[in-house]
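What follows is a set of notes on a single structure, which appears directly below.
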Amino acid sequence: EAQVTQNPRYLITVTGKKLTVTCSQNMNHEYMSWYRQDPGLGLRQIYYSMNVEVTDKGDVPEGYKVSRKEKRNFPLILESPSPNQTSLYFCASSLAGTAREPQHFGDGTRLSIL
Amino acid sequence: TQLLEQSPQFLSIQEGENLTVYCNSSSVFSSLQWYRQEPGEGPVLLVTVVTGGEVKKLKRLTFQFGDARKDSSLHITAAQPGDTGLYLCAGYYGGSQGNLIFGKGTKLSVKP
């Protein structure tokens, strides 16, 4: 089954403790992206990757890192998490990051930073 | 500044009513996408509109792209409880690849 898998689905942690949210897709998509969704602010793009070893900042990249060493994986790294990074995070992929391609989303990771 | 403004933010209607959701921008988009998101899940694509003036239909849902490609609308005829969800419009600003921008969404509740 074609899917985007995020792990973990839920995480409660403390300020400053490094964490990684993994994202994997099995559709051989070139494009992958991370978003955060907050009440009243909607979905905002954090980082995206057009292909392996190519990453670019989205609208809210501060405090996050990503890497794209393999086509299928696009982990989101919070080196020193802070409470303002408490949010619902989504990973998405598409064949190519162009306007006509649908984004396929994972089911989300709910992150709480205390 | 929100590049894509959606209205209304919330909509609560009875089953059988019609409704329209709007997605507006002062900028031109090469295309716009509409997604629907249910609680606990990621958004799922409904449609992509590409040509100015284009109208696309998906059963009881009708999507329209403005002639100037700055706005789009979603019309639902005879809404059903199964239509309940968050409706999001999204587009690549300035025709660029990669940087996808979403509106804040319209939360629709259809009561039986």
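The values are calculated or read from the model by the stated rules, or taken from the named source; none is laboratory data. On a predicted model such as this, the values are computed, not experimentally measured, just so you know. With ideal geometry, Cβ positions are generated from the backbone for all residues, glycine too; neighbour counts draw on all protein chains shown. When the accessible area is computed, the model is the full protein with side chains, heavy atoms only, and any ligands, DNA or RNA have been set aside. Shrake-Rupley method; radii C 1.70, N 1.55, O 1.52, S 1.80 Å.
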Q: Output ³J(HN,Hα) for region B:50-60: one whole-Hz value per residue in order, computed from phi by the Karplus curve 6.51 cos²θ - 1.76 cosθ + 1.60 with θ = phi - 60°, and x for Gly and Pro.
A: 10, 9, x, x, 5, 10, 10, 10, 9, 6, 8
Q. Nearest 20 debye, what's the magnitude of the dipole of the protein assembly as shown about its Cα centre given +1 on Lys and Arg Cβ and -1 on Asp and Glu Cβ?
A. 260
Q) What number, in nm² with one decimal, is the all-direction average of the projected area of the convex hull of the alpha-carbon atoms of chain A? A) 6.7
Q.
Around A:Tyr47, under 12 Å between beta carbons, what's the net of Lys plus Arg minus Asp minus Glu among the other residues?
A. +2
**Q.** Interchain or long-range residues, amide H under 5 Å from B:Thr84's placed H
**A.** B:Val110
Q.
Ordering A:Arg110, A:Arg36, A:Arg100 by accessible area with a probe of 1.4 Å, largest first, what comes out?
A. A:Arg100, A:Arg110, A:Arg36
**Q.** Cut-off 15 Å between beta-carbons: net charge of the residues surrounding B:His75, Lys and Arg +1, Asp and Glu -1
**A.** +1
Q. How much net charge surrounds B:Lys111 when only other residues with a Cβ under 12 Å from its Cβ are counted (Lys, Arg +1; Asp, Glu -1)?
A. -3
Q: Using the Karplus curve 6.51 cos²θ - 1.76 cosθ + 1.60 with θ = phi - 60°, work out ³J(HN,Hα) for each residue of region A:65-78 in order, rounded to whole Hz, and write x for Gly and Pro.
A: 9, 9, 8, 9, 8, 10, 5, 7, 10, 8, x, 10, 10, 10
Q) Antiparallel DSSP bridges in the protein assembly as shown: what percent, to the nearest 5? A) 90
Q: Just check region A:1-44 against the gyration tensor rule for me: Cα atoms, a ≥ b ≥ c as the square roots of the eigenvalues, rounded for a/c under 1.5, and otherwise prolate or oblate depending on whether a/b exceeds b/c.
A: oblate
Q | Listed residue pairs exceeding 28 Å between alpha carbons, taken from B:Lys57/B:Lys111; A:Lys17/B:Lys104; A:Lys18/A:Lys71 | A | A:Lys17/B:Lys104
Q: Starting from 0 in steps of 10 Å, tell me what percent of the Cα-Cα pairs of chain B lands in each bin.
A: 15, 49, 29, 6, 0
Q: Taking every Cα atom in the protein assembly as shown, find the radius of gyration and the maximum pairwise distance Dmax, and write them in Å.
A: 17.5, 51
Q: Specify the residue with the greatest mean-square fluctuation among A:Val14, A:Val66, A:Val52, computed from a Gaussian network of chain A linking alpha-carbon atoms under 10 Å apart.
A: A:Val14
